[in-house]
Amino acid sequence: MRVFVTGATGWVGSAVVEQLLGHGHKVTGLARAKDKAAALAATGAEVLSGTLDDLELLRSAAAAADAVIHTAFNHDFSKFAANAEQDRRAIEALGSALIGSNRPLLVTSGFAMLAPGRLATEADAPPNASSFPRQSEAAALSLAERGVRAASVRLAPSVHGLGDHGFIPILIGIARQTGVSAYVGDGLNRWPGVHRRDAALLYRLALEQGATEAAYHATGDEGVPFREIAAVIGRRLGVPVESRGPEHFGWFGNFAAADMPASSAHTQSLLGWTPSGPDLLADIDQPGYYAAR
């Protein structure tokens, strides 16, 4: 297949590109920065220069592809609502080129507000816009109603691995800055995790098997107690591990307090997907996670 991938130079998207190319697919990847575009071209992928705001470019690229994987998202949380709207528009543009074609579209979402306090499954409906601004899944479901073979991959909040620049490095940075590796309350709120390579494999398998489900769960660990994450970080940095209020984490407080365990049993059974990378706690216990950045 010729697959168009947005976010092709990102943490998850670059692993997806590598997975696709390694299994005989042709890839066109969206890139906005020249240095990252050069690195993408070196993998053997075709580079399309542009951004998520170039809606006509997105439509054209989707129209020329056999399938589309949308991993791009602007993670500047100071303007999260605006970025969520940009994401929705991009998904709509991509899907509009696929209506009635039976060509699959995979979009990316997560577990925030999906099933607070209980184990989420693939059958759970995504949160509505009044409770959470990011509406990737709602956009995909709307396209499905219009004849697009659209599905969502729900990524664990920690897609981990050496080189990670997501939530775990944020926690490490806060611990360094404050001198405390903290958790909220009793720290028993749970985070799922998935290794980056395992997540990339899931995207490929879901695509190759026709994106038949509304949602797939990219979780290796169903739910790691947050205080266990804090304990590893504290030991590695040599700082105390203590309970703090959400305000300790600044803008990250709601994420640090979130309880969002999630099962991937249905996804594993359906796709024949078995996560094989290191689990979250083992992965973040490597010295490379704490190297100066």
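Bear in mind these aren't lab numbers, they're just calculated from the coordinates by the rules spelled out. It should be emphasised that the depicted structure is a prediction, and the values quoted were computed from it without experimental measurement. Using ideal geometry, Cβ is built from the backbone for each residue, glycine included, and neighbour counts are taken over all protein chains shown.
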Do you know the relative contact order of segment 143-293, to the nearest whole percent, from alpha carbon pairs under 8 angstrom that are 6+ apart?
34 percent
If you average the alpha carbon positions of segment 207-240 and of segment 61-85, how far apart do those two centres end up, in angstrom?
22 Å
Residue-wise HN-Hα coupling along segment 242-250, computed from phi with Karplus coefficients 6.51, -1.76, 1.60 (Hz; x: Gly, Pro):
9, 6, 9, x, x, 5, 4, 8, x
Quick one: putting +1 on the C-beta of Lys and Arg, -1 on the C-beta of Asp and Glu, what dipole do you get for the chain around its Cα centre, in Debye to the nearest 20?
440 debye
Take peptides 37-50, 249-262 and line them up by average Cβ neighbours within 10 Å, highest first, as a rough protection proxy.
249-262, 37-50
Let me know the charge dipole size of segment 1-76 about its Cα centre in debye, to the nearest 20, where only the beta-carbon of Lys, Arg (+1) and Asp, Glu (-1) is charged.
160 debye
Anything in the chain that counts as a DSSP H helix reaching 20 Å or more along its axis (C-alpha) with Kyte-Doolittle mean of at least -0.5? List them, would you?
80-96
So what's Rg/Rh here for the chain, counting alpha carbon atoms and using the Kirkwood radius for Rh?
0.96
